[in-house]
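Here is the structure we will look at.
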Amino acid sequence: MSGKPYLASEDSALLRKALGMFSGECFLEIGAGNGGNLVEASKNFGTVMGTDLVRPSMTDWREGANFILADCASCVRPGSVDVVAFNPPYLPGEPGEDLAVEGGGGLEVPMKFLEEALRVIRKEGRVIFLLNDEAQLGGFEKICDGRGFAVRRLESKRVFFEELSVYEAFVPASKLGSSTVGGSADHSQAVTSATSLRRRAPASLS
Ligand SMILES: C[S@@+](CC[C@H](N)C(=O)[O-])C[C@H]1O[C@@H](n2cnc3c(N)ncnc32)[C@H](O)[C@@H]1O
């Protein structure tokens, strides 16, 4: 697959800001573009992987960040990742030459990213994803609900003509069972004993 890699933009920066709140063992970004988010994630995660259909042009990888030319998370074992992130091609329109922008008439591409993320995420993990305000969140919530995941908004930012939001999908503490410690009414604060996954204080972008 040819094409130019997506260069980090406002959406990348907003996703990266949200990712600064998390740390853990294993991180995956679906549609990693030129890999800037991977470099950032490698500060807080042990194993960092990114997939894309387009080869990145950036070469100064930090140790531990791996870029895989693959469709979504097709190369990743189910239930193996602590945090999966993506800012997909989210504009309605038939996927064409620009894989980074057109997400399909019914946003099939972002929905496929989400399905794949939910396939590879650990039950105690988090899926962090970005959409704009034109996307019908309900369709994404329905997919998450079908897998026992709830959705909440983490960050929002108005950029020119659109509002971008970053969402977190997680299994509520009440559904995690006895493996959860420190469960609270605020499910986003759930910390599990089986992994070092944890929320961090928000970090500002440099
Ligand atoms: C909006 S860009 C975001 C890139 C990167 N995450 C960033 O923040 O800079 C979406 C990315 O998804 C990639 N993509 C589209 N379809 C894909 C697929 N089926 N599997 C993997 N990546 C895909 C595109 O090539 C593009 O790099």
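Annotation note: Cβ proximity below 7 Å between a residue of the range 83-94 that is in contact (Cβ under 8 Å) with a residue 24 or more places away in the chain and outside any strand (DSSP E or B) and a residue that is more than 13 Å from the ligand (Cβ to nearest atom) and of a type outside the set (A, V, I, L, M, F, W, C) (sequence gap 6+ or interchain) occurs for PRO92/GLY105.
Cβ separations smaller than 8 Å between residues 6+ apart or across chains give the following pairs from the range 17-46 residues that are among the polar types (S, T, N, Q) to residues that are part of a helix (DSSP H, G or I): ASN37/SER12; ASN37/LEU15; ASN37/ARG16; ASN37/LEU19; ASN44/LEU19. I want to confirm something. Restricting to the range 83-112 and keeping residues that are buried (at least 20 other Cβ atoms within 10 Å of the Cβ) and among the small types (Gly, Ala, Ser), which single residue is modelled with the highest pLDDT? This residue is ALA85. Can you find a residue in the range 38-52 that is under 16 Å from the mean Cα position of the chain (by Cα), modelled with pLDDT of 90 or more, part of a loop (DSSP other than H, G, I, E, B) and not charged (D, E, K, R)? Yes, because at least one residue in the range 38-52 is under 16 Å from the mean Cα position of the chain (by Cα), modelled with pLDDT of 90 or more, part of a loop (DSSP other than H, G, I, E, B) and not charged (D, E, K, R).
For (1) at pLDDT 95 or above; (2) within 14 Å of the chain's Cα centre (by Cα); (3) of a type in the set (D, E, K, R); (4) under 22 Å from LEU14 (Cα atoms), each residue gets a yes or a no:
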{"position": "ALA117", "(1), (2), (3), (4)": "yes, yes, no, yes"}
{"position": "ILE128", "(1), (2), (3), (4)": "yes, yes, no, yes"}
{"position": "LYS142", "(1), (2), (3), (4)": "yes, no, yes, no"}
{"position": "LYS157", "(1), (2), (3), (4)": "yes, no, yes, yes"}
{"position": "GLU168", "(1), (2), (3), (4)": "yes, yes, yes, yes"}
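Evaluating GLU40 against the criteria (1) touching a strand residue (DSSP E or B) at 6+ places or on another chain (Cβ under 7 Å); (2) over 22 Å from VAL151 (Cα atoms); (3) among the acidic types (Asp, Glu) leaves one unmet condition, (1). Please count how many residues of the range 130-164 are buried (at least 17 other Cβ atoms within 10 Å of the Cβ) and touching a residue at least 60 places away in the same chain (Cβ under 8 Å). The total comes to 4. In this structure, SER80 does satisfy being among the polar types (S, T, N, Q) and more than 10 Å from the ligand (Cβ to nearest atom).
Could you please find all residues in the range 40-67 being away from the ligand (no atom under 11 Å from the Cβ), of a type in the set (Val, Ile, Thr) and within 22 Å of GLU168 (Cα to Cα)? Once the filter is applied, which keeps residues that are away from the ligand (no atom under 11 Å from the Cβ), of a type in the set (Val, Ile, Thr) and within 22 Å of GLU168 (Cα to Cα), the range 40-67 yields THR47, VAL48.
Scanning the range 8-25 for residues that are aliphatic (A, V, I, L, M) and either within 16 Å of the ligand (Cβ to nearest atom) or part of a strand (DSSP E or B) (or both) yields ALA8, ALA13, LEU14, LEU15, ALA18, LEU19.
Please pick out the residue among GLY138, GLY125, GLY148 that is more than 15 Å from the ligand (Cβ to nearest atom) and in contact with a Lys or Arg (Cβ under 7 Å, 6 or more places away or on another chain).
GLY148
Just one of the listed residues (GLY104, GLY125) is out of contact with any Phe, Trp or Tyr (no Cβ under 7 Å at 6 or more places or on another chain) and on the phi > 0 side of the Ramachandran plot, and it is GLY104.
The values are calculated or read from the model by the stated rules, or taken from the named source; none is laboratory data. Nothing here was measured: the structure is a model prediction, and the numbers come from that model. Cβ atoms come from the backbone with ideal geometry, glycine included; neighbour counts cover every protein chain shown.
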